[in-house]
Every structure is written in structure tokens, then in C-alpha cells.
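Below: one structure, written as C-alpha cells.
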Amino acid sequence: MKILEQLSSQRGDSTEESNRIAAAKCLEDPGLLRFLAEGLQSKDKSLVGDAAEVFTMVAKSHPEHVASYAEALLPLLRHQATRARWEAMHALALTAHLVPDVVERDLLPMLPALLEQEKSTIVRDYGVELLGQYAKTGERAALQAYPLLTQALSTKQKSRALAGLLCVFTQAPSLGADLHTLALAHLEDPKPVVKKAAKALQKATQPN
């Protein structure tokens, strides 16, 4: 049976179990992912969402298998179906550290508007996480991600932005003083997850 025919929506499975089985098969034989990539172009939005979800499942443990399909996932960020958008952004976030050229060329230009206009909180969550993963790839990337992550501090993605800024610091320690100030400003945030991320950034950027 073809891998696309084994996905949840095609089997009448209302759960993600069929997709998990398909992902396991793709982990055993990464060559199957090329057939899943064909599914990303389907007019069946449920099939598109399933295919994107399998890419995400595979990327969680083996992002290197998915990295070469980053450009195939990009068009889904403008897909009508919310699920297709969030699975694509999740998969891209998991592989961003392996494809910095794709992030710089294709994602950085669109992310400011996407993070401002996207209605799905989940898509925005993974968009901010993507910036943090991209920042890990070197000083140039860190400096590019820095202003976008700083802007995200005023959004619901605040904790993710702080975590991303910690990634920025690992590659651009010259920003340490500014990052320390940002961390201090969020130490008393009412949300524990934000406070925790702020403390981690504060500790890392603490002047000697």
C-alpha cells in the first residue's frame, strides 16, 4: 500500500495513530518521504495536514531526514487550512538549524508579517521557536534573529522569545548586556513559564 494511502484521513482514522505508523515506516525508510512530499501539494486539505504531520513526527527524532524537504514545506505556511500551516511551521522549526540558508532566504523576509498577522497561536509559537533554532547556527544568524525575537517579547510567545534570545547569546555574546537587561524586565512576569525563561537568560548573561 502506498504511504499516502496509509495516512489517517485516507484510512478513516479520526486519531493520529495511522500517521504515527506511517512516520515509523519513514524512519525505517527515509526514501518514503519523497512520496509524502507529493501529498503536500494535494487539493485534499486533510491529506496535506496528515503529510505535514508525518514530516513533523519524523523531524522530532531525525530532523536530518526532513531538512531536504524544507522548501517543499514552505508553501504550506500560506495554506488555507490552519493545521497544514502549523504542522509545516513545526517541521521547519525542528529543522531550521540544518537549513540556515533556507531560513535566511525564504523565511526571514516573511516572518515579521506572519508573526503579526497569523491568526493561529500555534503557528506563531513555532515561528518564534524557529528563530531560536536558526540563531544557534552562528553569529550572523543570531544577529538576524535578535530583533525579531525582541519584538516577540510583547506577544503571547514571550517565553519562547526569551528561550530564543538565550540561543542568540550563545552565538553573539557581545549582546550579553542588552540581553541581561531584557531578562531582568521579565523576572516578575505572572506566568511561571515566562519567569523561568527569564531566569535562565539572566543567569547566562550575568556579568562576571
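The values are calculated or read from the model by the stated rules, or taken from the named source; none is laboratory data. As the structure is a computational prediction, the values presented were derived from the model and not from experiment. Please note: Cβ atoms are built from the backbone with ideal geometry, for glycine as well, and neighbour counts cover all protein chains shown. Note: areas computed on protein heavy atoms with side chains; ligands, DNA, RNA excluded. Shrake-Rupley method; radii C 1.70, N 1.55, O 1.52, S 1.80 Å.
Taking the stretch 1-100 and the helices (runs of 4 or more DSSP H) fully enclosed by it, the elements with 1 or more residues that are under 14 Å from the mean Cα position of the chain (by Cα) and over 30 Å from Thr170 (Cβ atoms) are at 45-61, 82-95.
One residue stands out among those in the stretch 1-56 that are surrounded by 21 or more Cβ atoms within 10 Å (Cβ to Cβ) and polar (S, T, N, Q): the one that is nearest to Arg85 (Cα to Cα), which is Thr56. What about Thr56, is it outside the structural domain of Ala198 (by the TED database) and touching a His at 6+ places or on another chain (Cβ under 6 Å)? It is true that Thr56 is outside the structural domain of Ala198 (by the TED database) and touching a His at 6+ places or on another chain (Cβ under 6 Å). Checking Glu118, Glu87 one by one, the residue that is open to solvent by less than 30 Å² (accessible area, probe 1.4 Å), out of contact with any Lys or Arg (no Cβ under 8 Å at 6 or more places or on another chain) and not aliphatic (A, V, I, L, M) is Glu87 and no other. Would you mention how many residues in the stretch 126-138 are surrounded by 15 or more Cβ atoms within 10 Å (Cβ to Cβ) and over 20 Å from Arg83 (Cβ atoms)? Qualifying residue count, the stretch 126-138: 7. Is it the case that Val123 is assigned by the TED database to the domain that holds Pro190, open to solvent by less than 20 Å² (accessible area, probe 1.4 Å) and under 26 Å from Lys43 (Cα atoms)? For Val123, the condition - assigned by the TED database to the domain that holds Pro190, open to solvent by less than 20 Å² (accessible area, probe 1.4 Å) and under 26 Å from Lys43 (Cα atoms) - is met. Each residue in the stretch 172-200 was checked for being assigned to a helix (DSSP H, G or I) and more than 19 Å from the chain's Cα centre (by Cα), and 18 pass.
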